[in-house]
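**Q** This is the structure I want to talk about, given as structure tokens.
The values are calculated or read from the model by the stated rules, or taken from the named source; none is laboratory data. Please read these numbers as outputs of a predicted model, since none were measured by experiment. Cβ sites come from the backbone with ideal geometry, for glycine too, and all protein chains shown count toward neighbours.
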Amino acid sequence: MRELVIVSGKGGTGKTSLTAAFSSLAENNVLCDADVDAADLHLLMHPDVKQRSDFMGGSIAEIVADACTQCGLCRELCRFDAIDKTFVVDGLACEGCGLCVDICPEEAIIFPVQKCGEWFVSETRFGPMVHARLGIAEENSGKLVSLIRKEARCLAEKKGFDLILTDGPPGIGCPVIASISGATVLVIVVEPSVSGLHDMIRVADLASYFRIPGMIIVNKYDLNIQMTKSIEEKAQERNMTLLGRVPFDPLFTKSMVQGKNIFEYGEQEESLNAVRDIWHKIIQSPFMNKLGIVNFKATIK
């Protein structure tokens with residue numbers, strides 16, 4: 001079982017568009033959208049939901065009025081000023097730390113687990129997909145990412161598939177760590193700018209810390225050729241595989257507006273061929289075949 005995770009140092013680099021494009025070139029794979037804070041792969045995949053489950057995350061304190069003696073200890077020690085003068089908890093201010101529950105002498109504060117979002121198992125025109133939607137301003141996105149990755153692996157094992165194609169979240173925070181731990185390889189999508197180079201280095205350092213091999217795609221490379229060369233030089237210094245360059249092309253935006261990937265919509269051979277070549281390099285890389293399995297089923301169509 002191999003898992004390919006597409007990540008980036010920031011949002012908007014094109015990783016979801018590339019994930020959708022790769023999905024049309026792969027076979028026997030499960031799709032996974034691990035960007036639960038701002039999920040958007042479903043906009044291109046149009047999933048038919050087969051299973052819907054609640055995600056239960058953090059807790060919010062709740063004071064039982066009949067048991068409360070209003071001693072004031074909880075109000076005094078709450079660092080977030082989440083308990084008002086009438087001893088009612090403000091659900092928006094409560095951070096769910098649980099201190100008030102532990103120190104209440106009357107045990108008058110309960111700590112019910114809250115529904116933070118939903119996760120889904122769906123069918124798409126490019127195979128099964130596991131995805132999720134975190135509630136607005138809800139926490140525990142890292143826990144939800146871990147959950148849907150686990151479900152994607154279980155689904156792949158059940159169907160006998162050998163590849164999980166994961167659209168990861170941007171940045172280097174908790175959701176990213178949850179999305180890359182145990183992955184086979186990371187594909188880092190970079191834009192040719194000073195900030196893009198900086199973001200790539202941060203993600204590369206994270207991948208190196210977890211000992212996960214990283215490969216680089218420079219998207220919109222022709223917007224700044226000099227910076228593209230700098231990015232590729234920095235990647236080579238770190239012994240990272242250079243997968244290729246993708247040109248700036250309105251095809252990506254036009255196909256996205258139509259809810260399609262570039263191979264379903266496009267006619268520009270340069271961009272399509274660039275993505276095909278990149279996919280070929282991915283599936284032929286030693287990282288994806290490190291177990292010595294030569295009959296890898298994800299092939300170029």
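**Q** Going by the conditions given, is F296 surrounded by 14 or more Cβ atoms within 10 Å (Cβ to Cβ), modelled with pLDDT under 95 and either aliphatic (A, V, I, L, M) or part of a helix (DSSP H, G or I) (or both)?
**A** no
**Q** Tell me the residue from G168, G160 that is in the same structural domain as G12 (by TED's automatic domain parsing) and either crowded, with 20+ Cβ neighbours inside 10 Å or aromatic (F, W, Y) (or both), please.
**A** G168
**Q** So, one more: What helices (runs of 4 or more DSSP H), lying completely within the range 138-215, carry at least 3 residues that are closer than 18 Å to E3 by Cα and among the charged types (D, E, K, R)? Walk me through how you get there before you give the answer.
**A** Working: elements: 141-159, 174-180, 194-209.
Result: 141-159.
**Q** Any residue in the range 264-279 that is within 17 Å of D222 (Cα to Cα) and free of Cβ contacts under 8 Å to residues at least 24 places away in the same chain sitting within a Cβ distance under 9 Å of a residue that is among the charged types (D, E, K, R) and in a loop (DSSP other than H, G, I, E, B)? List the pairs, counting only those 6 or more apart or interchain.
**A** Final answer for the pair search is Q268/D249; E270/D249.
**Q** Can you find a residue that is within 26 Å of S141 (Cα to Cα) and crowded, with 20+ Cβ neighbours inside 10 Å anywhere in the range 99-107?
**A** Checking the range 99-107: at least one residue is within 26 Å of S141 (Cα to Cα) and crowded, with 20+ Cβ neighbours inside 10 Å.
To keep it simple, each residue is scored yes or no on (1) surrounded by fewer than 16 Cβ atoms within 10 Å (Cβ to Cβ); (2) touching a residue at least 12 places away in the same chain (Cβ under 8 Å); (3) under 18 Å from the mean Cα position of the chain (by Cα).
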| site | (1), (2), (3) |
| --- | --- |
| I180 | no, yes, yes |
| L197 | no, yes, no |
| R211 | yes, no, no |
| I216 | no, yes, yes |
| I231 | no, yes, no |
| M240 | no, yes, no |
| G244 | no, yes, no |
| D249 | no, yes, no |
| Q258 | yes, no, no |
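**Q** Can you tell me which residue among C97, C154, C104 is at pLDDT 95 or above and farther than 27 Å from S24 by Cβ?
**A** Numbers: C97 fails: at pLDDT 95 or above; C154 fails: farther than 27 Å from S24 by Cβ.
After applying the criteria, what remains is C104.
**Q** Within the range 255-292, can you find the residues that are touching an Asp or Glu at 6+ places or on another chain (Cβ under 7 Å), modelled with pLDDT of 85 or more and part of a loop (DSSP other than H, G, I, E, B)?
**A** none
**Q** Restricted to the range 24-43, and to residues that are under 16 Å from the mean Cα position of the chain (by Cα) and surrounded by fewer than 24 Cβ atoms within 10 Å (Cβ to Cβ), which residue is nearest to C116 (Cα to Cα)?
**A** My answer is D37.
**Q** So, one more: Criterion first (modelled with pLDDT of 95 or more and either in the same structural domain as A178 (by TED's automatic domain parsing) or farther than 29 Å from L25 by Cα (or both)) does A137 satisfy it?
**A** no
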